[in-house]
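Notes follow the structure.
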Amino acid sequence: MSEDKKSIHGTWSSRWTFILAATGSAVGLGNIWKFPYMAGDNGGGAFVLVYLACICIIGLPIMLGEIMIGRRGRSSPANSMKSLAAEANTTSAWTLLGATGALAGLLILSFYSVAAGWAMSYIFNGFQNITAESSSASFKNLLSSPLSLIFWHSLFISLTVFIVARGILKGLEKWINTLMPMLFLIILLLCIYAMQTGAFFEGLRYLFMPDFSKINPQVMLEALGQAFFTLSLGMGAIMAYGAYMPANQNIGKTAVSVAALDTGVALLAGIAIFPIVFANGLAPSAGPGLVFETLPIAFSAMPLGILFGTLFFVLLSIAALSSSISLIEPGVAWLIESLKIKRITATILLGFTAWFIGLFSALSFNLLSEFTIFGKTFFNATDFLTNQIMLPLGGIFIAIFVGWIMKKEHVLDELGFQENFIFKAWYFSVRFVAPTLVGLVFLSLLYFFFTEEESPDNEKEEEKEIYIEEMVEELEELKGFSISFRDPKTNEIYL
Ligand code: TRP
């Protein structure tokens, strides 16, 4: 094991800290904001089932791989890849994997920070007399204000830069210890509230009863992307943290705890949110606003809601911060090592870049809402590019590197494993299962893309059109007159 090597950026002070830091990175907006709305968009149970499968079969094995590469390389992801590639006598082109990972981190941070800004602004919500309508209206209000979005986005990135510039070890260790368990408690409290909304079982059924007809390649890709996103995998965040991990710590057990805590928080968030959705007659497919529209209703209805609501959004913002620092850390560590610049300079440079890109995400909800890339707004396009393309691709290459490029004895040595059943199962997964499954999801998506199979959105639109046509026909028959439509812009008659 790499007893003698230490990262120049420091080492966590105890075993517990790595688990806390990695959990801090994993648990964030992905669990509480993204998971519920993605489940809601993709039909609930079907999505959740694929998501859980992706976590166990693909995510967990890759997480082990990332931690191992980091700890053996003892430097930034890019340089760890470089030195391990040299150790395995292969091309240094593997450095690129670390470099694209650092880029993916910046892109994710750019839109993550906008959503984290929403969470911060909700700290001052007040949580009084909120109805389903007023809650939706105030979220829409927030989105339509470029200035507030940019203000909160800027504030969030500044806080991230501040913590990372001081050094992750000093900046982080103290906080996470107490704050993460508190967040967990408030989510439990919300679950208890959800139990007495009257729609608790409806919510549970929605989340856990899979409707297999809803599983299609697109749902699979979204679930896969979300599994990578929520575990912070595929871009080197966990690798960077692995570099600061003490040599005598068991990587396997650690990875299992982190994945279990992360999945637990996401599921509890879903269990709290969907009953509130159904009890208030809201749509589960409300999209990114889901959490922001539902939870305030709950807080406004419960005793001491102002206190709990405020505290919840404070903790959510901190959970987002402990995630965002891991998005920028791989790039920062790399810049420090390769350009020999100061940590503060490197952090400000990258923070500014992410902030600038993020401006477009913030404005894509208002001034730039018409500007789309492949039919997606800038916010959705960066989200799609990173989660559904860059992270899974990064994951494939990490698995291939661990399974096929590194020497088996080095892998065994670093993991501190015997060649027992668990090792064999894991090794089989990183060599065959993970790359094949991720590859298959990509291929099926390409197939659907080129055969122009309908996306669910198009299907919905078409259903609507057919419905309208049928209504018109019926009306015509019933009343004995004919109906035609005029395009308001061109004045042309088209039906
Ligand atoms: N996992 C975090 C969340 O769920 C987000 C995050 C932090 C992340 N670091 C990452 C996602 C690295 C992908 C890669 O909110």
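Laboratory data are not the source of any read-out in this text; all were calculated from the coordinates shown. This one's a predicted model, so the numbers in the text were calculated from it and none came from an experiment. Note that each Cβ is placed from the backbone with ideal geometry, even for glycine, and that neighbours are counted across all protein chains shown.
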> Which percent of Cα-Cα pairs in the chain sits in each 20 Å bin, short to long?
Replying inline: 23, 54, 20, 3, 0
>> Contact order normalised by length for the chain, with contacts defined as Cα pairs under 8 Å and 6 or more residues apart; what percent is it?
In response: 32
>> Tell me which of ALA354, ILE325, PHE201 sits at the most positive position along the dipole axis of the chain, charges placed on C-beta atoms (Lys, Arg +1; Asp, Glu -1).
In response: ILE325
>> To the nearest 20 Debye, how big is the dipole of the chain about its Cα centre, given +1 on the beta carbon of each Lys and Arg and -1 on that of each Asp and Glu?
In response: 2800
>> Can you tell me the orientation of helix 434-450 relative to the chain, as the angle in degrees between its alpha-carbon axis and the longest Cα principal axis, to the nearest 10?
In response: 30
> Relative to the first principal axis of the alpha-carbon coordinates of the chain, what is the inclination of helix 391-400, with its axis defined by its Cα atoms, in degrees from 0 to 90 and to the nearest 10?
Replying inline: 30
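Nearest 500 deg cm²/dmol is fine: what mean residue ellipticity at 222 nm does the chain get from its DSSP H runs of n ≥ 4 alone, each adding -39,500 (n - 2.57), divided by its residue count?
Working: 22 runs with 341 residues, N = 495.
Result for the chain, helices only: -22500 deg cm²/dmol.
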> So what are the ³J(HN,Hα) numbers for segment 64-78, from phi and the Karplus equation (6.51, -1.76, 1.60; θ = phi - 60°), rounded to whole Hz, Gly and Pro as x?
Replying inline: 4, x, 5, 4, 5, 4, x, 5, 6, x, 6, 8, 4, x, 4
> Over segment 4-127, what relative contact order in percent results from Cα pairs under 8 Å that are six or more residues apart?
Replying inline: 19
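Of LYS34/LYS340; LYS340/LYS376; LYS214/LYS408; LYS82/LYS408; LYS82/LYS342, which ones are farther than 29 Å apart at the Cα? Provide the component values of the computation, followed by the final result.
Details: LYS34/LYS340 37 Å; LYS340/LYS376 39 Å; LYS214/LYS408 40 Å; LYS82/LYS408 18 Å; LYS82/LYS342 22 Å.
Among LYS34/LYS340; LYS340/LYS376; LYS214/LYS408; LYS82/LYS408; LYS82/LYS342, the Cα-Cα distance tops 29 Å for LYS34/LYS340; LYS340/LYS376; LYS214/LYS408.
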> Helix 343-363 sits at what angle to the longest principal axis of the chain, using alpha carbons and giving 0 to 90 degrees rounded to 10?
Replying inline: 10
